[in-house]
Amino acid sequence: MTRTRTNDASPETFQALIALDSRMKKSLGPVLYDLVKLRASQLNGCAYCVDMHATDLERRGTPSRKLHGVAAWQESPFFDATERVALAFTERLTGGIDAIDDALWEEAGRLLGDERRADLIVAVGTINTWNMTGITTHLQPEGELVPA
């Protein structure tokens, strides 16, 4: 069944979400924000968003080993302290509300500062909204798989 896409059904709301997304990219930086979006999309099972954010990271020069490591970032040596705190926030906020313990809160503040930590919370909420939209409207990755 074909479902109406959000940008078609409510263009004003879609544009507001695009503006929020742009603000989060500016605050966190495009690579860190795409890592957050990729991990949340993996957790939520949004194939469209996983494909988009992995492709965006690849275009920005992120090594393929790091891309593959996002699913197991806790055990991977490819992530710095800032990326790790952002991925931890992503997992805990995607898994439920108020799951950020005091130690993680403090570490995020130390690494990101107050404004970027606040923006990280909004960033995780933003990608979760995008995932809900993509999954609910049955968005699928476009194009064909290109052999390596």
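The values are calculated or read from the model by the stated rules, or taken from the named source; none is laboratory data. Everything numeric here is computed off the predicted structure, so don't read it as measured data. Here Cβ is always computed from backbone atoms with ideal geometry, including for glycine, and neighbour counts include all displayed protein chains.
I'd like to know if region 131-143 contains one or more residues that are modelled with pLDDT of 95 or more and of a type in the set (Gly, Ala, Ser). No, region 131-143 has no match at all.
Looking at (1) out of contact with any Gly (no Cβ under 8 Å at 6 or more places or on another chain); (2) without any contact (Cβ under 8 Å) to a residue 40 or more places away in the chain, can you tell me which one Asp51 breaks? Going through (1) out of contact with any Gly (no Cβ under 8 Å at 6 or more places or on another chain); (2) without any contact (Cβ under 8 Å) to a residue 40 or more places away in the chain one by one, Asp51 breaks only (2).
Scanning region 131-143 for residues that are touching a helix residue (DSSP H, G or I) at 6+ places or on another chain (Cβ under 6 Å) and either hydroxyl-bearing (Ser, Thr, Tyr) or part of a helix (DSSP H, G or I) (or both) yields Asn131, Thr133, Gly134.
Against the list (1) within 12 Å of Leu28 (Cα to Cα); (2) under 11 Å from the mean Cα position of the chain (by Cα), the condition Thr129 fails is (1). Do the conditions hold for Leu120, that is, is it more than 18 Å from the chain's Cα centre (by Cα) and surrounded by 10 or more Cβ atoms within 10 Å (Cβ to Cβ)? The answer is no for Leu120.
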